[in-house]
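The values are calculated or read from the model by the stated rules, or taken from the named source; none is laboratory data. On a predicted model such as this, the values are computed, not experimentally measured, just so you know. As a convention, Cβ positions derive from the backbone with ideal geometry for all residues, glycine included, and neighbour counts pool all protein chains shown.
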There are 2 protein chains.
Amino acid sequence: MHIAMVVYDRFTALDVVGPYEMLSRLPDARVEFVAERAGPVRADTGFLSVVADRALHEVRRPDVVVVAGGPGTFAQAGNPALLDWLRAADAGTTWTTSVCSGSLLLAAAGLLGGRRATCHWLAADFLRQYDAEPTGERVVFDGKYVTAAGVSAGIDMALALVGRIAGDDHARAVQLFTEYDPRPPYDAGSPHKAPAHLVEEFRTDSRFTLM
Amino acid sequence: MHIAMVVYDRFTALDVVGPYEMLSRLPDARVEFVAERAGPVRADTGFLSVVADRALHEVRRPDVVVVAGGPGTFAQAGNPALLDWLRAADAGTTWTTSVCSGSLLLAAAGLLGGRRATCHWLAADFLRQYDAEPTGERVVFDGKYVTAAGVSAGIDMALALVGRIAGDDHARAVQLFTEYDPRPPYDAGSPHKAPAHLVEEFRTDSRFTLM
């Protein structure tokens, strides 16, 4: 099972490291971090680089693709090298997936037309520009296309995918090993739960940069 | 606020990338990934390298230390370069923290003697060797020492820490931005919840390597 984690300048690290931590524990997993050019790739905060061990052109037939989101997404949505690669890789995948605004890249590559999908809540409406239907759900399966909402949602998506690929028992083993029994100390993780003033602040003048 | 994320060969990536994603969104955060030597550091699965931008000796007065866990912990518990650095750094921190088996390194450095602490459930008993008291909780605050249980528990710990450092409103903003509204597709994330046969399997002949 060959899994390609796609990153680019100003990606959000947890978008891919969450899913990687789950998917790397699939039986016979071979995970590769992939970028347009091999080498260190800087995350959105500027504080962390992960190494892309492979360039896109070196990775031809992944079974699973996971595309990160992040502020860098919007530049990549006009990058033919990445979009062409996504289309070509998708022709051979069993699962084509994304986290956060990464779904906009799948959509920009023309892979989500007419499909249900999700995205970071602040960017979900952009899916409509590509004829995809944003559902507002945390994880959306539509055929082999699986999209997750913002940042941490990739963990839930990937654990569900482990279950589809390797069965419920293996997924539970991965959950137990990663002690994924979350207990957030606050209950503000979605725009439906967070205080209204925070949601409004993000929609107008965010203290964090998504774009 | 200078935050040092401590990694080493065969660390578990989500242990630190989860907390990094939360803590990097503190006001005036400056996060550095730190290892004995600067450069790429390979995670436990072999599939991912993160770049340590600084060597330990270059980082003298961090405000917050976060120590990763992972299979590499047990080699590091006998590494004087790391343990000496932890003791020296701890003398100036406001918070000294760990995720997963990283608490064994704080303990081996002599920082958790007589304190309550937590750890990955499979390794928690080792805390007793260092006169620390494993509580089995997901996140433990004991003075300025904060320890998290296995792998994903670092996210909960770090979000709680954001609240202590920057206030509840800021912590909720970080939670909303990272859409941390977890919905695990299974309910097997702790030894109290997982099927007994899985817990037993991990205790005898794990399909994953913790040590």
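For the range B:134-164, which residues satisfy the criterion of being under 18 Å from residue A:153 (Cα atoms) and either surrounded by fewer than 21 Cβ atoms within 10 Å (Cβ to Cβ) or touching a Leu at 6+ places or on another chain (Cβ under 6 Å) (or both)?
B:151, B:158 - these are the residues of the range B:134-164 that are under 18 Å from residue A:153 (Cα atoms) and either surrounded by fewer than 21 Cβ atoms within 10 Å (Cβ to Cβ) or touching a Leu at 6+ places or on another chain (Cβ under 6 Å) (or both).
In the range B:73-95, how many are assigned to a loop (DSSP other than H, G, I, E, B) and buried (at least 23 other Cβ atoms within 10 Å of the Cβ)?
Qualifying residue count, the range B:73-95: 0.
Would you be able to say whether some residue in the range A:192-204 is at the interface with chain B (Cβ under 7 Å from one of its Cβ atoms), under 21 Å from the mean Cα position of the chain (by Cα) and crowded, with 20+ Cβ neighbours inside 10 Å?
No, that holds for no residue.
Considering every residue within the range B:34-44, establish whether at least one is within 10 Å of chain A (Cβ to nearest Cβ) and assigned to a helix (DSSP H, G or I).
no
Which condition number does residue A:129 fail, the rest of (1) within 11 Å of chain B (Cβ to nearest Cβ); (2) at pLDDT 95 or above; (3) surrounded by fewer than 15 Cβ atoms within 10 Å (Cβ to Cβ) being met?
Only one criterion is unmet by residue A:129, namely (1).
List pairs: first residue in the range B:61-78 and more than 20 Å from residue B:146 (Cα to Cα), second residue crowded, with 23+ Cβ neighbours inside 10 Å and of a type in the set (D, E, K, R) anywhere in the structure, Cβ distance under 9 angstrom, at least six positions apart or on different chains.
That search, which allows pairs on different chains as well, returns B:71/B:44; B:72/B:44.
Which of the residues that make up the range A:1-44 are without any contact (Cβ under 8 Å) to a residue 24 or more places away in the chain and either crowded, with 20+ Cβ neighbours inside 10 Å or charged (D, E, K, R) (or both)?
Those that are without any contact (Cβ under 8 Å) to a residue 24 or more places away in the chain and either crowded, with 20+ Cβ neighbours inside 10 Å or charged (D, E, K, R) (or both): A:24, A:37.
Of all residues in the range B:45-61, count the ones that are within 13 Å of chain A (Cβ to nearest Cβ) and part of a loop (DSSP other than H, G, I, E, B).
Going through the range B:45-61 one residue at a time, the tally reaches 5.
Which of the residues belonging to the range A:14-33 are in a loop (DSSP other than H, G, I, E, B) and aromatic (Phe, Trp, Tyr)?
Hits for the range A:14-33: nothing passes.
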